[in-house]
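Heads up: the structure comes next, in structure tokens.
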Amino acid sequence: MIRTPLITVMTQAVRKAGRALIRDFGEVEQLQVSRKGPADFVSAADRKAEDILFTELSRARPNYSFNMEERGKVEGTDPENEWVVDPLDGTTNFLHGIPMFAISVGLVRNGMPYAGAIYNPIADELFIAERGQGAYLNDRRLRVAARQKLADCVVCCGLPHMGRGDHAQFNRELRVVQRQVAGLRRTGSAALDLAWVAAGRFDAFWERGLAPWDIAAGLTVVREAGGFSSDMSGQEKMLKTGDVLSANEVIHRDLLRLLKTAGPAEA
Ligand code: 2AM
Ligand code: CA
């Protein structure tokens, strides 16, 4: 396992925030039965985890800037280094007592994903990478899956739901993809989806309309595991467009071509 100063900083921050989330997840499972529901409690858990990350990361790197899901942007004296932070990715899962969520901390350097940590505290799985250093799951080096045929691939996707996403476009994409692959999955955490592509569990992942903090960490983890990512036009503007497709080189190319046949978004 690599031990660069940056990796150490990210590891300590996400593990500490992970301990807080685990405690709150235990409570949320109890709250499921209450009538008011756990929504307010979950937003408080979310903010608490973000506070921990903000405190830890700014203590270790006092000049770096921040872009956080809850607090928004905090400009540091070093605008070239920006922590892009999602304290709880998979909020809907957390709220429903589904143990599939993660903390995602990406470092974007000069606008490019440079390092990332994605921590699933329930499974105690830490996916971590830094440019040029490789990607790891705990102590194990990661490599994307090597499958070369779509027909052998398990593909993960996002699913538009009430109030979110272009449903008609997604349905067209689903129609072209589902008849060519071995299986489709949806987890509810884009950060974990990217981590699982890096780990070779999913052969590919695509989702549209994501926020930078959903994907900033995962993009480096996938890249350092030998994977390829682009937006749906094949450009590397994922952080700007919010659209992402990740896989090994061959599957990435084939899926990109296939998704393009689904046609453009509704005007
Ligand atoms: P969250 O759990 O932090 O909200 C699921 O499809 C993925 O989409 C999750 O990573 C989820 O992150 C993210 N997501 C949910 N609502 C979103 C929104 N309005 N904009 C961008 N990403 C969103
Ligand atoms: Ca998120």
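The values are calculated or read from the model by the stated rules, or taken from the named source; none is laboratory data. Here the structure is a predicted model, which means the values were calculated and not measured. Because the Cβ atoms are built from the backbone with ideal geometry, glycine has one as well, and the counts that use them run over all protein chains shown.
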Identity of the residue in the range 166-198, of a type in the set (Val, Ile, Thr) and touching a strand residue (DSSP E or B) at 6+ places or on another chain (Cβ under 7 Å), that ends up nearest to residue 244 (Cα to Cα): 197
Meets criteria (charged (D, E, K, R) and not assigned by TED's automatic domain parsing to the domain that holds residue 19) for residue 131: no
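Listed here are the residues, each with its yes/no results for (1) surrounded by fewer than 23 Cβ atoms within 10 Å (Cβ to Cβ); (2) away from ligand 1 (no atom under 12 Å from the Cβ).
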site	(1), (2)
175	yes, yes
194	no, no
202	no, yes
211	yes, no
226	yes, yes
234	yes, yes
246	no, yes
258	yes, yes
Search result, residues across the range 208-233 that are among the acidic types (Asp, Glu) and away from ligand 2 (no atom under 11 Å from the Cβ): 224, 231
Options 124, 152; residue that is closer than 21 Å to residue 19 by Cα and surrounded by fewer than 17 Cβ atoms within 10 Å (Cβ to Cβ): 124
Checking residue 93 against (1) touching a strand residue (DSSP E or B) at 6+ places or on another chain (Cβ under 9 Å); (2) at pLDDT 95 or above; (3) of a type outside the set (A, V, I, L, M, F, W, C), the condition it does not meet: (1)
Any hit, the range 12-31, residues being in contact with a Ser or Thr (Cβ under 9 Å, 6 or more places away or on another chain), closer than 22 Å to residue 130 by Cβ, of a type outside the set (D, E, K, R) and away from ligand 1 (no atom under 14 Å from the Cβ): yes
Meets criteria (of a type in the set (Gly, Ala, Ser) and surrounded by fewer than 19 Cβ atoms within 10 Å (Cβ to Cβ)) for residue 217: no
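Could you check the range 195-220 and list, in sequence order, the residues that are part of a helix (DSSP H, G or I) and within 18 Å of residue 111 (Cβ to Cβ)?
Result: 212, 213, 214, 215, 216, 217, 218, 219, 220.
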Any chance residue 192 is outside the structural domain of residue 83 (by TED's automatic domain parsing) and either in a loop (DSSP other than H, G, I, E, B) or not small (Gly, Ala, Ser) (or both): yes
Inter-residue pairs, beta-carbon under 7 Å, first at positive phi and in the range 169-193, second not β-branched (Val, Ile, Thr), 6+ apart: 188/90; 188/93; 188/100
Residues that are in contact (Cβ under 8 Å) with a residue 40 or more places away in the chain and part of a strand (DSSP E or B), drawn from the range 141-155: 154, 155
